[in-house]
1. Output ³J(HN,Hα) for region 209-220: one whole-Hz value per residue in order, computed from phi by the Karplus curve 6.51 cos²θ - 1.76 cosθ + 1.60 with θ = phi - 60°, and x for Gly and Pro.
2. Apply the Karplus curve 6.51 cos²θ - 1.76 cosθ + 1.60, θ = phi - 60°, to the phi angles in region 94-105 and return the couplings in whole Hz, x for Gly and Pro.
3. What percent do you get for the relative contact order of the chain when only Cα pairs under 8 Å and 6+ apart count?
4. Hey, can you rank 124-131, 36-43 by average C-beta count inside 10 Å, highest first?
5. Using a 10 Å cut-off on Cβ atoms, rank the peptides 234-245, 111-122 from the highest mean neighbour count down.
6. For region 132-251, what is the relative contact order in percent, using Cα pairs closer than 8 Å and at least 6 residues apart in sequence?
7. Between Leu317 and Asn26, what FRET efficiency comes out of the Förster formula 1/(1 + (r/R0)^6) with R0 = 51 Å and r the beta carbon distance, rounded to 0.05?
8. Taking square-rooted eigenvalues a ≥ b ≥ c of the alpha carbon gyration tensor, is region 13-167 rounded, prolate or oblate, where a/c under 1.5 means rounded and, failing that, a/b exceeding b/c means prolate?
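No value in this document is a laboratory result; all are computed from the given coordinates. Everything numeric in this text was worked out from a predicted model, so none of it was measured. As a convention, Cβ positions derive from the backbone with ideal geometry for all residues, glycine included, and neighbour counts pool all protein chains shown.
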Amino acid sequence: MLKNFFILCSGADKDVVASCSNGEQNKYAGIGATVFFTAVMAFLAASYALYTVFDNYYIAAGFGLVWGLLIFNLDRFIVSTIKKRDNFKSEFIQATPRIILALIIAVVISKPLEIKIFEKEINSVLLKEKNELAIQNKNQVTNFFKKDLDQNKAKIDSLKSDIIKKEKEVNDLYSVYITEVEGTSGTKKLGKGPVYKEKREKHDMALKELDTLKATNLSKIKSLEADAKTLQASLDKKVTEAQPIIDNFDGLMARINALNKLPFLPSFFIMLLFFAIETAPIIAKLLAPKGEYDFKIEDAEMATINVLAQNKYQSNLQRKTDAEIYDKVYNDIKTDKELYDYKKQKATELLKLQADGFVEKQKKAL
């Protein structure tokens, strides 16, 4: 049962194979098994690759099955069309398109399995890239809000600076009138004289101005600080909104790019393994010696070719004979007096009708 199934997979003519020896049947069963297991590998690889895209087992398995059947049908067709002849070069040239296609397929189906095999290393690369993306995103968002934040901070600093300057002015005036009353500066007279009173009034006026300035600027500072908090909240919100996108930066393309950043040789050898698997049916057919099945197929083909050649020869001979007969018949008819007179009569009638028709057209025109 299993042997018949693998022979079916090989694309060989089951009736011809059945008439061959057990050794020949086993050879084609082996070729068929290679075709079958190549398709199974293609199904598994394609299913995993599509699972990383759709994240759904049923969709991945469905598309993977279609891909596996496609590879199975392609391999079976190519293997069945490679005819064993006495010229290996012509057989190899015949198989060259399939070998090139096998290289392409090997690259395509090996990548998903490489991604699975090197999953931990790829996750490490992706983590590093995600961190870099998070930093870049934060810097970009910060730069977007930087101008507004800097202007806000500059206004706050300016208002605080005005208060500090006014406080310094008040403190200086306080020092002036205190040293005046102590007699250590100014008039250098101890006690509260007219100069002291003047300086004290100047200080008190500046103090009132300081209180007014403080009330006004602190209100403005409070409003600006609220604006700064709003800007910072917007900045943090932008950064937070982008984080899920960065966290999901682990799709198929991202993993392939991460795989390309890993050492080349391990990935290359895995690709070579799949190339060997993909070309296995073709190589098996090319390396298999010409056997009983090939001789029987060649004999059947030669019989068909001979029948076609004979039919073609007979068809050409029949066409040539018919042409010669018709040439002779028409040559005899050409000299027949009765036929000549009949054709002359009809031709005369036709010419008369044409002449009458021409005259009628001319009359209508006039």
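1. Those phi angles translate into 4, 4, 4, 5, 5, 4, 4, 5, 5, 5, 5, 5 Hz.
2. 5, 8, 4, x, 5, 5, 5, 4, 4, 4, 5, 5
3. Relative contact order, the chain: 23 percent.
4. 36-43, 124-131
5. Descending packing order for the listed peptides: 111-122, 234-245.
6. Taking the mean separation of contacting Cα pairs over the length of region 132-251, I get 36 percent.
7. Computed FRET efficiency for Asn26 and Leu317: 0.60.
8. Prolate is the answer for region 13-167, as a/c is 1.5 or above and a/b outweighs b/c.
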